[in-house]
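> The structure is given below, and queries will be raised subsequently.
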Amino acid sequence: MGSASGEDILARPAATGGTVDPAWLYEGGGEMRARLRAFDWANSPLGQPGQWPPDLVNALGQLLSSRAQIVLFCGPELNCFYNDAYTPVLGAKHPAALGRPAREVFAELWDVLSPLIEGVLRTGEAFWATDHPFTVIRHGYPEETYFDVSYDPVRGASGTVDGVLGIVSDTTGRVVGERRLRLLGQLGSRLADVTDAAALAREVARVLADEPADVPFARVYLQPDNGRAGAGPLALAAWSGPAPADAVPAVV
């Protein structure tokens with residue numbers, strides 16, 4: 001089975017006279033089924049789902065019936081359709097993302113996401129990765145996120161690729177949690193045998209410098225007289241990240 005080039009796919013209208021009755025797509029509950037029933041298909045570049053190729057109708061039905069986090073990219077602008085489980089991936093982008101071009105929905109990470117999707121369209125081969133990093137803005141600020149992703153071609157009867165089905169799983173909590181546990185473990189192991197306070201401060205700074213994603217910068221202050229309480233002001237002993245500037249006091 002052959003596949004069309006990425007350029008041909010992106011230029012080809014999604015509506016190709018399919019005869020599949022899409023009524024069953026809307027049967028049942030769930031937020032996204034309700035939103036699809038109310039969607040303004042008449043003003044969509046994709047046309048009515050009854051005009052879609054059968055493979056896209058079936059893919060849309062698959063994602064609506066699934067509890068996995070799934071998004072469908074289809075049409076000349078790679079318009080986005082997704083299920084209830086996928087809405088946390090979008091955050092505040094939902095529900096405006098429904099039916100919108102992927103370039104608009106994921107503008108902040110399009111330079112990363114676009115090659116993955118268009119690679120599937122161009123080659124007809126799935127893309128798969130574990131803990132793939134994405135910096136996404138879904139709550140008004142850039143977030144460090146990680147996902148297990150599988151971007152699969154949606155093939156028509158003739159073998160052409162009519163869209164991409166993205167099945168994802170948010171692994172951010174596990175990835176970040178494991179990384180922070182490693183940091184704590186390194187602090188415990190590398191500081192266990194350090195007895196001098198100044199050397200301890202320097203070693204803390206070295207460990208923290210190895211994990212800038214969790215600790216972008218750190219300043220370690222020590223009290224004189226080996227830290228005896230009330231012995232005087234704290235003095236800057238070590239740091240990680242950017243070198244201290246005038247805004248960082250040498251003594252507090």
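> Ignoring everything but the protein chains, give the 1.4 Å probe accessible area of residue 65 in square angstrom, nearest 10.
80
> Further question: In whole Hz, what ³J(HN,Hα) sequence does segment 25-36 give by Karplus (6.51, -1.76, 1.60; θ = phi - 60°), x for Gly and Pro?
4, 9, 6, x, x, x, 4, 6, 4, 5, 5, 5
> Something else about it: Considering the alpha-carbon set of segment 123-252 alone, what are its Rg and its Dmax in angstrom?
23.3, 81
> Put +1 on the Cβ of every Lys and Arg and -1 on every Asp and Glu Cβ in the chain; which of 76, 58, 169 then has its Cα farthest towards the positive end of the dipole?
About the Cα centre, the residue reaching furthest to the positive side is 169.
> Find the relative contact order for the chain and round it to a whole percent, using C-alpha pairs within less than 8 Å whose residues are 6+ positions apart.
Values: 434 pairs, mean separation 37.7, N = 252.
Rounded, it is 15 percent for the chain.
> For segment 125-199, what is one quarter of the convex hull surface built on the Cα atoms, given in nm²? Don't skip to the end; give the middle numbers.
Details: hull surface 33.0 nm².
So the Cα hull casts an average projection of 8.2 nm².
> I need the phi-derived Karplus couplings for segment 127-141: 6.51 cos²θ - 1.76 cosθ + 1.60, θ = phi - 60°, integer Hz, Gly and Pro marked x.
10, 9, 7, 10, 6, 6, x, 9, 9, 10, 9, 10, 9, x, 8
> Next question, about the same structure. Might you work out the accessible area of residue 174 for me, using a 1.4 Å probe with all protein chains in place, and round it to the nearest 10 Å²?
Roughly 100 Å² of residue 174 is accessible to a 1.4 Å probe.
> Related question: Please quote Rg/Rh for the chain to two decimal places, taking the Kirkwood radius as Rh and restricting both calculations to Cα atoms. Provide the component values of the computation, followed by the final result.
Details: Rg = 25.8 Å, Rh = 21.6 Å.
Looking at the chain, the ratio lands at 1.20.
> Return a whole-number percent for the relative contact order of segment 153-252, with Cα pairs under 8 Å and 6 or more residues apart as the contact set. Don't skip to the end; give the middle numbers.
Details: 106 pairs, mean separation 17.6, N = 100.
Result for segment 153-252 is 18 percent.
The values are calculated or read from the model by the stated rules, or taken from the named source; none is laboratory data. Quantities reported herein were computed from a predicted structural model and do not represent experimental measurements. Cβ coordinates were reconstructed from backbone atoms using ideal geometry, including for glycine residues, and neighbour counts include every protein chain displayed. Ligands, DNA and RNA are stripped out before the accessible areas are found, and what is left, the full protein with its side chains, is counted by its heavy atoms. Shrake-Rupley method; radii C 1.70, N 1.55, O 1.52, S 1.80 Å.
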